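Presented below is the structure to which this report refers.
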Amino acid sequence: MKIMHLSDLHLGKRVNEFSMIEDQTYILNEIINIIDEQKPKVIILAGDIYDKPIPPAEAVELFDDFLYKLSKRNLYVFIISGNHDSAERIAFGSRLFDKSGIYLSPVYNGKILPISVDDECGDINFYMLPFIKPVHVRRFFPDASISTYTDALNAVITDMNIDNTKRNILITHQFVTGSSRTESEDVSVGGSDNVDADIFKDFDYVALGHIHRSQSCGSEYIRYCGTPLKYSFSESKDTKSITVIDIKEKGDIKLDFIPLTPLRDMVEIKGSYNELMLKSFYENTSLPTDYVHITLTDEEDIPDVITKLRVIYKNIMKLDYDNQRTRKSSEINLINAVDSMSPLELFDTFYEIQNGNHLSDAQRIFLENIIEGVWK
């Protein structure tokens, strides 16, 4: 059986005030094309379908269109809610969708029952476990000691009474200890949301959502597929992909990764203003339409630089300077000999602390004229 593992669509997301809806529409169409080429039997969406519990109308319309296209292809589709989703909204209409082979995780109610899909090797049991916290679980297991996320997941999984003679796949949305985060994810203080990978030992494959970078956790088959798009510049060097699981008899699993090419890439470039504005720097590249983080190395700030740069780089998301002034992180300490220093000397000292160098001759002459005028 061929299974495609997706997660963290974050439909409706804005990155640095840029709406990603056009990029998300494009990448979902690309995913549909890949599904048509690969012909999987099962599609997994492991949470964070939306970016907010109450998503904008355009995000709901986009997901509705995506589900409609999936339903036309006679697939089994398993969808769970993530920490960004409203579990109740994701579960809406689930009993009607079941008839179309689209299964939406219900709000956690203390029981996770498997859904079986058969192939030539028998049944594969799919367990859909939406994002949960210890507080969601305690009332269903009053006799258990549940204080951590690992305690909560362990109680839920133990209660599943998994048949180890069959092939079992878990779909869940949690942070597994040791996973590599990116800047676009929510972070819990002190790692309080960590879950130990050992609790997943009875599953043949664990389809994880929540972390935006594709990676395995403790085992090759406990895996985050990552987001289909880059949502922060910490992901600029990542390659986004779909994880494809080809599972035959128990213990015979192969993984493949199909790269995804976005409508616009997210890249970081660095140099002086004059260097970046040279035609030879950006021609025959996608930089004029990519989402870019520009770091300028000029020592002096350039007036209205964003407007000037956007003549070439239409989608600047972030602008920084890297020069002597920004690299120098000095504290402005109390100057002891204030009374013995002239106003020009005081200002020069302050300027050096702020900018990493002394006043130029032209600046010194300009400032002397101002001081003379004030003193008169």
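Annotation: amide H-H contacts under 5 Å for residue 124 (H modelled 1.01 Å from N, sequence separation of 5 or more, or interchain): 117, 118, 119. Rounded to the nearest 5, the antiparallel percentage of DSSP beta bridges internal to segment 1-129 is 35%. Placing dummy labels 7 Å off each Cα toward the beta-carbon, the span from residue 115 to residue 352 is 7.0 nm.
The packing ranking of peptides 57-64, 84-91, 165-172, 194-201, highest mean first, is 165-172, 84-91, 194-201, 57-64, where packing means the average number of other beta carbon atoms within 10 angstrom of each residue. Computed from Cα positions, the angle between helix 149-158 and the longest principal axis of the chain comes to roughly 10 degrees.
In this label model, residue 219 and residue 161 are separated by 2.2 nm, measuring between points 7 Å along each Cα→Cβ vector.
Ligands, DNA and RNA left out, the 1.4 Å accessible surface of segment 1-110 is 50% carbon and sulfur atoms.
On the basis of the beta-carbon distance and an R0 of 22 Å, residue 368 and residue 302 show a calculated FRET efficiency of 0.25.
Amide H contacts for residue 103 (H built 1.01 Å from N in the peptide plane; partners 5 or more residues away or on another chain; cut-off under 5 Å): 77, 78, 79. Only lysines eight or more places from residue 201 in sequence, or on another chain, were considered; those with a Cα closer than 22 Å are 2, 111, 133, 166, 248, 250, 254.
Inter-label distance, residue 275 to residue 133: 4.7 nm, where each label sits 7 Å from its Cα along the C-beta direction. State whether segment 9-128 is rounded, prolate or oblate according to the following rule on the C-alpha gyration tensor (a ≥ b ≥ c being the square roots of its eigenvalues): a/c under 1.5 gives rounded; otherwise a/b larger than b/c gives prolate, and the remaining case gives oblate. Verdict is oblate for segment 9-128.
Over the chain, accessible surface divided per residue gives 51 Å², non-protein components excluded, 1.4 Å probe. To the nearest ten degrees, helix 343-355 and the longest principal axis of the Cα atoms of the chain are 20 degrees apart. In a DSSP loop and with at most 16 other Cβ atoms within 10 Å, the GluC sites (Glu not before Pro) in segment 204-268 are 220, 249.
How far is helix 361-375 tilted off the main Cα axis of the chain, in degrees rounded to 10, range 0 to 90? With rounding to tens, the tilt is 70 degrees.
Under a 5 Å amide H cut-off, with hydrogens placed 1.01 Å from N, residue 316 pairs with 292 among residues at least 5 apart or on other chains.
The values are calculated or read from the model by the stated rules, or taken from the named source; none is laboratory data. These figures come from a predicted structure and were not determined experimentally. All Cβ positions, glycine included, derive from the backbone under ideal geometry; neighbour counts span all protein chains shown. Each accessible area value is taken on the protein alone, full model and side chains, heavy atoms only, with ligands, DNA and RNA left out. Shrake-Rupley method; radii C 1.70, N 1.55, O 1.52, S 1.80 Å.
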